[in-house]
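As structure tokens, the structure follows; a few thoughts come after it.
The values are calculated or read from the model by the stated rules, or taken from the named source; none is laboratory data. These numbers were taken from a predicted model, which means no experiment stands behind them. In this analysis, Cβ positions are derived from the backbone assuming ideal geometry, glycine residues included, and neighbour counts consider all displayed protein chains.
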Amino acid sequence: MITIAEIRERILRGETSARAEVEAALKRASDASGYHALLSTLDERALERADEIDARIKNGEDVGALAGVPFVAKDNYLVFGAPTTAAAKMLEDFVAPVQATVIECLEREGAICIGKSNLDAYAHGGSTENSAFGVTNNAYDMTKVAGGSSGGSAVVTALNVVPFALGSDTGGSIRQPASFNGVYGFKPTFGMTSRYGVVAMASSTDTMGCFAATAADAELVQSIMAGKDTKDHTTLDDYFTPQVQPPKALKIGLIKESMTDDVDPEVLARTREFADTLRALGHTVDDVELPMSKYALAIYYIVVPAEVSSNLARYDGVRYGLRADGAASLAELYGMSRDQGFMPENKRRIMIGSYVLSSGFYDAYFQQAAKARTLLIHQYEALFKSYDVLLTPTAPTPAFGIGENVDDPIKMYLADIMTVPPSLAGVPAISVPAGKSDAGLPIGVQLIAPAKQDALLFALAKQVEAA
Amino acid sequence: MSTVSSDDVRGLAQLSNIQLSDEETESFKTDIDNILGYIDMLGELDTTGVEPTYQVNDLRNVFRDDVVDAGPVAREELISLAPESLQHQVKVPKVL
């Protein structure tokens, strides 16, 4: 395992250089190419930046908290030095003229992006099988899925290619693959990190977070990415202050609706063991109820497709992206470009969105979902009056087989059943490694805190990690 | 339970500006039926008097000063992203 602090200190002490670290990471990326976790590497730009940092270190300049530390970004982040494809044909050749705000934040602290990772096209999916450029394999078993949609970033973190990788999480796209690959995956409070420069999916739940091998590294990265951005008016003032001390004795609620017979028995067992670890650390863990859990996935698959249909309307083959050949009219140009540029799951979600927003169905679906979302939020608020943190498994199963769920969208959607509720409520959540199945597949648990209590999740995760 | 016809799917595809093949239309019909069958469960919830939530962190009407910001990207660079351009403008097929 490689950590951020270790790499940075060795560079600053002169035992290694940023260039050597970037070269080593690129070599590890190449050695791991069989997993198909990366869609591109940024060799030239990464090495240039490394040389620049090495020169600044020589001059005695302050090079930042992530000086020379290599990382990977999901390929829906706009990053200089490589195309941003969102794993869709639509953007196969798209070279962004700007960078995402959070990439700018990390670069300011000296971090170096070495590659772009695979995802479900436009982040629509939970397995990284919906990529237009091939499937990513699980880090622990090549026959299993990486999870998704940020599957590639989870796998490169698990394989120690880089100490951290960026993902985006709209309904579990960081937490679920983190669980499937045995790493930490953090989804911040909605508004903690800027969404500017990341290909938009669902604007009311999109959040930018990261994967790391340790809780402390994930915390450091989030602290650098946090804060208000004038280019994203949903961002909050930077409230995030890492907690050095372990948390006081906490009241933790284990959500009963996430511990039913529908959940894999080994996942249930690891979650109960994790609860015992928390108790051994002096916390209390009680069973609690979140009855609206039952409706969360239905709410999500109305709200998100509605927002997707709107956000993906911009891909029209006119100003950038794929343009179909042979269109005789503008209408045909739109229709053909979008048919060729989108994956089937993109089209499904756009069409469901068009359906739930159309007159005649708007009240029954979109408006009803928006009201049900309020009820879900009220139940969280009520629970957080008595509990500091909530606990669930991160996913109902360990990683499933490649191809196993591709013909059944609902079955695929059910993989997100634990992670979707916090997304709808906008509250922070982290997936923490909690052991393995008998077959050797990682299993994660999810810790959920009230809005803006992100630091508490890291404090608790660090405490468990050290235990 | 809601069901959609093949014509409904074609209508949705048209609303969504996606030109589907007949084969894809049929496969989406099954998928959309199944998804609607699932999300229909929200019908059983009583939401009388409940306010809808569209935005979760309570920020409303975030204003900035009305100052022109040309942004970091030059016009030429933006035009160069277009699949087809002519005389510094984006080119499209005939509209009328």
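Would you please name the residue that is nearest to A:S173 (Cα to Cα), looking only at residues in the range A:285-308 that are of a type in the set (G, A, S) and buried (at least 24 other Cβ atoms within 10 Å of the Cβ)?
Of all residues in the range A:285-308, those of a type in the set (G, A, S) come to A:293, A:296, A:298, A:306.
Next, only the ones that are buried (at least 24 other Cβ atoms within 10 Å of the Cβ) stay: A:296, A:306.
Details: A:A296: 16, A:A306: 18 Å.
In this case the residue turns out to be A:A296.
Applying the selection to the range A:50-91, what residues are among the aliphatic types (A, V, I, L, M) and in contact with a Ser or Thr (Cβ under 6 Å, 6 or more places away or on another chain)? Walk me through it before giving the result.
Filtering the range A:50-91 down to residues among the aliphatic types (A, V, I, L, M) leaves A:50, A:53, A:55, A:57, A:63, A:65-67, A:69, A:72-73, A:78-79, A:82, A:86-88, A:90-91.
Across the range A:50-91, the qualifying residues are A:V72, A:L78, A:A82, A:A87, A:L91.
Please indicate, with yes or no, whether at least one residue in the range B:18-40 is exposed (fewer than 14 other Cβ atoms within 10 Å of the Cβ), β-branched (V, I, T) and under 22 Å from the mean Cα position of the chain (by Cα).
Taking every residue of the range B:18-40 in turn, at least one turns out to be exposed (fewer than 14 other Cβ atoms within 10 Å of the Cβ), β-branched (V, I, T) and under 22 Å from the mean Cα position of the chain (by Cα).
Yes or no: the range A:315-323 includes at least one residue that is more than 9 Å from chain B (Cβ to nearest Cβ), at pLDDT 95 or above and either under 27 Å from A:S358 (Cα atoms) or out of contact with any His (no Cβ under 6 Å at 6 or more places or on another chain) (or both).
There is at least one residue in the range A:315-323 that is more than 9 Å from chain B (Cβ to nearest Cβ), at pLDDT 95 or above and either under 27 Å from A:S358 (Cα atoms) or out of contact with any His (no Cβ under 6 Å at 6 or more places or on another chain) (or both).
Look at A:T189 and say whether it is part of a loop (DSSP other than H, G, I, E, B) and over 12 Å from the mean Cα position of the chain (by Cα).
Details: part of a loop (DSSP other than H, G, I, E, B): yes; over 12 Å from the mean Cα position of the chain (by Cα): yes.
Yes.
May I ask you to say which residue of A:T214, A:T260 is farther than 15 Å from A:G167 by Cα, of a type outside the set (D, E) and without any contact (Cβ under 8 Å) to a residue 12 or more places away in the chain? Steps first, answer last, please.
Working: A:T214 fails: without any contact (Cβ under 8 Å) to a residue 12 or more places away in the chain.
The unique qualifying residue is A:T260.
Only one of these conditions is not met by A:A331: (1) assigned to a helix (DSSP H, G or I); (2) modelled with pLDDT of 95 or more. Which number is it?
Going through the list (1) assigned to a helix (DSSP H, G or I); (2) modelled with pLDDT of 95 or more, A:A331 breaks only (2).
Which of (1) more than 7 Å from every other protein chain (Cβ to nearest Cβ); (2) more than 19 Å from B:D46 (Cα to Cα) does A:Y355 not meet, given it meets every other one?
(1)
Sort out which residues of the range A:129-144 are assigned to a loop (DSSP other than H, G, I, E, B) and touching a helix residue (DSSP H, G or I) at 6+ places or on another chain (Cβ under 8 Å), and write them in order of number.
Within the range A:129-144, A:N130, A:S131, A:A132, A:T136, A:N138, A:A139, A:Y140, A:M142 meet the criteria.
Counting only residues that are facing chain A (nearest Cβ under 8 Å), in a helix (DSSP H, G or I) and of a type in the set (S, T, N, Q), how many does the range B:28-54 have?
Of the residues in that region, 1 qualify.
Evaluate the range B:60-78: report whether one residue or more is more than 9 Å from chain A (Cβ to nearest Cβ) and either touching a residue at least 24 places away in the same chain (Cβ under 8 Å) or touching an Asp or Glu at 6+ places or on another chain (Cβ under 7 Å) (or both).
No, the conditions are met nowhere in the range B:60-78.
Being in a helix (DSSP H, G or I) and at the interface with chain B (Cβ under 7 Å from one of its Cβ atoms), is that true of even one residue in the range A:375-398? Walk me through how you get there before you give the answer.
Here is the first cut: in the range A:375-398, the residues in a helix (DSSP H, G or I) are A:375-386.
Checking the rest, the ones that are also at the interface with chain B (Cβ under 7 Å from one of its Cβ atoms) come to A:375, A:377.
Among the residues of the range A:375-398, at least one is in a helix (DSSP H, G or I) and at the interface with chain B (Cβ under 7 Å from one of its Cβ atoms), which makes the answer yes.
Can you give me the ranges of the strands (runs of 3 or more DSSP E) entirely in the range A:1-117 with at least 2 residues that are over 23 Å from A:G182 (Cβ atoms)?
Details: elements: A:38-41, A:70-74, A:112-117.
Once the strands (runs of 3 or more DSSP E) in the range A:1-117 are filtered for at least 2 residues that are over 23 Å from A:G182 (Cβ atoms), what remains is A:38-41, A:112-117.
Does the range A:413-467 hold any residues that are in a strand (DSSP E or B) and within 18 Å of the chain's Cα centre (by Cα), and which are they? Talk me through it step by step, then tell me what you get.
Within the range A:413-467, the first condition is being in a strand (DSSP E or B), and the residues that meet it are A:429-436, A:442-448.
Across the range A:413-467, the qualifying residues are A:A429, A:I430, A:S431, A:V432, A:P433, A:P442, A:I443, A:G444, A:V445, A:Q446, A:L447, A:I448.
Just one of A:G126, A:G147, A:G209 is in a strand (DSSP E or B), of a type outside the set (A, V, I, L, M, F, W, C) and in contact with a Gly (Cβ under 7 Å, 6 or more places away or on another chain); which is it?
Working: A:G126 fails: in a strand (DSSP E or B); A:G147 fails: in a strand (DSSP E or B).
Testing whether each residue is in a strand (DSSP E or B), of a type outside the set (A, V, I, L, M, F, W, C) and in contact with a Gly (Cβ under 7 Å, 6 or more places away or on another chain) leaves just A:G209.
Residue by residue through the range A:325-341, note down the ones that are within 7 Å of chain B (Cβ to nearest Cβ) and touching a helix residue (DSSP H, G or I) at 6+ places or on another chain (Cβ under 6 Å).
If the condition is that a residue be within 7 Å of chain B (Cβ to nearest Cβ) and touching a helix residue (DSSP H, G or I) at 6+ places or on another chain (Cβ under 6 Å), then A:A327 is the only one that fits.
Results for (1) among the β-branched types (V, I, T); (2) within 26 Å of A:R373 (Cβ to Cβ); (3) not in a helix (DSSP H, G or I), shown as yes or no for each residue.
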residue	(1), (2), (3)
A:M201	no, yes, yes
A:A218	no, no, no
A:V221	yes, no, no
A:I224	yes, no, no
A:L236	no, yes, yes
A:T241	yes, no, yes
A:Q245	no, no, yes
A:K248	no, no, yes
A:L254	no, yes, yes
